[in-house]
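What follows is a set of notes on a single structure, which appears directly below.
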2 protein chains.
Amino acid sequence: MKALRFENNRLGLSDVPAPSREGEALVRVLLAGVCNTDLEIARGYAGFEGTLGHEFVGVVERAPGAEELEGRRVVGEINAGCGRCQWCRAGDPRHCPERTVLGIVGRDGAFAEYLQLPAANLLPVPDEVPDARAVFTEPLAAACAVAERVRLEPETRVAVVGDGKLGLLCAQALKATTGAGVTLVGRHDSKLEIARGRGVRALKTEELPVSFGRCFDVAVEASGSPAGLATALKLLRPRGTLVLKSTFHGTTELNAAPVVVDEISIVGSRCGRFPVALELLRRDAVEVDALVHEEFPLSEGVRAFERAAEPGVLKVLLRV
Amino acid sequence: MKALRFENNRLGLSDVPAPSREGEALVRVLLAGVCNTDLEIARGYAGFEGTLGHEFVGVVERAPGAEELEGRRVVGEINAGCGRCQWCRAGDPRHCPERTVLGIVGRDGAFAEYLQLPAANLLPVPDEVPDARAVFTEPLAAACAVAERVRLEPETRVAVVGDGKLGLLCAQALKATTGAGVTLVGRHDSKLEIARGRGVRALKTEELPVSFGRCFDVAVEASGSPAGLATALKLLRPRGTLVLKSTFHGTTELNAAPVVVDEISIVGSRCGRFPVALELLRRDAVEVDALVHEEFPLSEGVRAFERAAEPGVLKVLLRV
């Protein structure tokens, strides 16, 4: 089968055998999304070699022990645990020390004709959610996961810094799932407009009123840039919480003095649970269509990566 | 009166008028302690000019509206708020945006014959606590304050990284006040021995068993060094909490990727409340005598600062 792989420090399309691990489900991929993590891996920052891709929707070809899934259209949670450690026993393999992660750690990913995951990771997609929305389940779940790490209530003032894919999903998801007062802070009118269309207050960084200084309870860093990190810190009230949602590669300069003086909490957030995200998509509660910039066939995967890396480009999809 | 002041980028002894703000208590200082924050200010890192010092024990000369304090031996909480903002109305001026802080922000400090504070900041010292212990109330309160920022219970595994004054106080205070399982991690046998004498497990960094990797729920960074910060991060389990207790000046290199991947929380912690610290001192529940390296008269304050800045030196006191 065809697979878009990162090997020997190079991204390219390969012909490889379809995966055939016993005991796992086999999924025929329909559509997959390119994430910034994929771009980081393809730059050699993450130490992963193999087939990339972790955002997908596909059809189950085979699911030993879960035959009811066969033929169903599914999305899949990307962490596969050992099944024995304390995390796995608690039903949450996201921090299993022996986990593999689809297309990220020790497991071939979704930019291929077929992928494998444990059947327990797969969730049927409701009929009313088309492929081009279902493919957003994974990043939308990651956006919702912020609320697992910090208490968000209707009176909580939340700033999301960064108007890329992640910021747009975080701002919409947090408003929709928690009712918190969310302000998206970004640099591009056209992107901020997407959030405004769903009732999210959205402001350009330079338009931030002085009165916004140090008035937010929570700031979500979704820009991936040190400038965004600094902006997020400046928006927080004393004892506020900064959520690090972007993965930075290498070391980041952090001014620790205000963290101590203002007793800020900095909280990392990674993967989320899928059901809440699927339900948001089913209810059409968040705008994802406007986030799709372009779709490429898998055979043009390398071009798709080049496009996804261009400034200002939102989601690039791969049709298998 | 004599005062040890930092002015025009220079530390020196001056003759200045005694403070005479109306409505505040006047305290004759008996003994004061030199803190790393004082050393940072004297290096010009903190932007403060005036009389240094915020750790003290003294005798109340005058306390308008709180005459029962007059003649009493006291210690004093160092943050003086506006009395009107939400923080002050909640009885906690530590984050008042208009606060002054004794010897640190907008208010002359304790390295002088007299200081002033609002009478509400002063707490009588129990007779059984001698001056040379009472002077540790402020840093001990700051050590106890870690427990305000992260939940510590008997089953919580806490690592304190750094065997200086701050680390020794944190390790002892957190064990004594919360019953948590505390391990002090440091580099100097003689200092670790002080903690061991009070039943705290203490290990040299290079002696840390491999099994300690990623097994602590909480790590308190009390070394003030980037190496200590890195060690503290490595000790934490996924979703563990790093407490930043030291103030770093300038920017610090932070490897943010593991913070996101392992969903670490980083929590800043600054000043504490005095009653719990005074009670620890009254019960002799923490060793502070062994932390005193040397005592200087106020007139030799500049020499005292030089001594306090030498590697390996713990607490230096100033006798007024």
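The values are calculated or read from the model by the stated rules, or taken from the named source; none is laboratory data. Since we're looking at a predicted model, the values are computed, not measured. Using ideal geometry, Cβ is built from the backbone for each residue, glycine included, and neighbour counts are taken over all protein chains shown. Surface areas here come from the heavy atoms of the whole protein model, side chains and all, with no ligands, DNA or RNA. Shrake-Rupley method; radii C 1.70, N 1.55, O 1.52, S 1.80 Å.
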Within segment B:88-105, considering residues that are within 14 Å of chain A (Cβ to nearest Cβ), open to solvent by 10 Å² or more (accessible area, probe 1.4 Å) and free of Cβ contacts under 8 Å to residues at least 12 places away in the same chain, the one nearest to B:Ala32 (Cα to Cα): B:Asp92
Filtered residue count, segment B:206-229, keeping only those that are at pLDDT below 85 and aromatic (Phe, Trp, Tyr): 1
Test for B:Leu69: is it touching a helix residue (DSSP H, G or I) at 6+ places or on another chain (Cβ under 7 Å), open to solvent by 10 Å² or more (accessible area, probe 1.4 Å), more than 14 Å from chain A (Cβ to nearest Cβ) and not small (Gly, Ala, Ser): yes
Residue match in segment B:47-60 (condition: out of contact with any strand residue (DSSP E or B) (no Cβ under 8 Å at 6 or more places or on another chain), among the aromatic types (Phe, Trp, Tyr) and either part of a loop (DSSP other than H, G, I, E, B) or open to solvent by 40 Å² or more (accessible area, probe 1.4 Å) (or both)): no
Qualifying residue in segment B:124-140 (condition: touching a residue at least 12 places away in the same chain (Cβ under 8 Å), at positive phi and over 17 Å from the mean Cα position of the chain (by Cα)): no
Candidates B:Ala32, B:Ala119 - the one that is crowded, with 21+ Cβ neighbours inside 10 Å, more than 14 Å from every other protein chain (Cβ to nearest Cβ) and farther than 24 Å from B:Glu294 by Cβ: B:Ala119
Conditions (1) more than 11 Å from every other protein chain (Cβ to nearest Cβ); (2) among the small types (Gly, Ala, Ser); (3) open to solvent by less than 50 Å² (accessible area, probe 1.4 Å): number failed by B:Gly197: (3)
Among (1) open to solvent by 10 Å² or more (accessible area, probe 1.4 Å); (2) within 14 Å of chain A (Cβ to nearest Cβ); (3) assigned to a strand (DSSP E or B), the one test that B:His293 misses: (2)
Any hit, segment A:240-262, residues being open to solvent by 10 Å² or more (accessible area, probe 1.4 Å), among the acidic types (Asp, Glu) and either within 25 Å of B:Asp262 (Cα to Cα) or outside the structural domain of A:Thr37 (by TED's automatic domain parsing) (or both): yes
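A quick yes/no check of all residues on (1) over 28 Å from A:Pro311 (Cβ atoms); (2) at pLDDT below 95:
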position	(1), (2)
A:Pro17	yes, no
A:Glu24	yes, no
A:Leu30	yes, no
A:Val34	no, no
A:Thr37	no, yes
A:Arg43	no, yes
A:Gly47	no, yes
Odd one out for B:Asp284, checked against (1) assigned to a loop (DSSP other than H, G, I, E, B); (2) under 30 Å from A:Leu244 (Cα atoms): (2)
Matching strands (runs of 3 or more DSSP E) fully within segment B:132-211 where at least 3 residues are in contact with a Gly (Cβ under 7 Å, 6 or more places away or on another chain): B:157-161
Subset tally (residues that are buried (at least 17 other Cβ atoms within 10 Å of the Cβ) and closer than 21 Å to B:Arg72 by Cβ) for segment B:2-25: 3
Some residue of segment A:133-152 being of a type in the set (Lys, Arg), surrounded by 16 or more Cβ atoms within 10 Å (Cβ to Cβ) and touching a Ser or Thr at 6+ places or on another chain (Cβ under 7 Å): yes
Hey, A:Ile78 open to solvent by 30 Å² or more (accessible area, probe 1.4 Å), closer than 17 Å to A:Gly53 by Cβ, in the same structural domain as A:Tyr45 (by TED's automatic domain parsing) and β-branched (Val, Ile, Thr) or not: no
Scope segment A:218-232; condition open to solvent by 20 Å² or more (accessible area, probe 1.4 Å) and under 18 Å from A:Val182 (Cβ atoms); matching residues: A:Ser223, A:Thr231
Subset of segment B:200-214 (residues that are open to solvent by 80 Å² or more (accessible area, probe 1.4 Å) and of a type in the set (Gly, Ala, Ser)): B:Ser211
Pairs with Cβ under 6 Å, 6+ apart, first in segment A:171-199 and without any contact (Cβ under 8 Å) to a residue 60 or more places away in the chain, second open to solvent by 30 Å² or more (accessible area, probe 1.4 Å) and part of a strand (DSSP E or B): A:Gly181/A:Arg157; A:Thr183/A:Arg201; A:Val185/A:Leu203
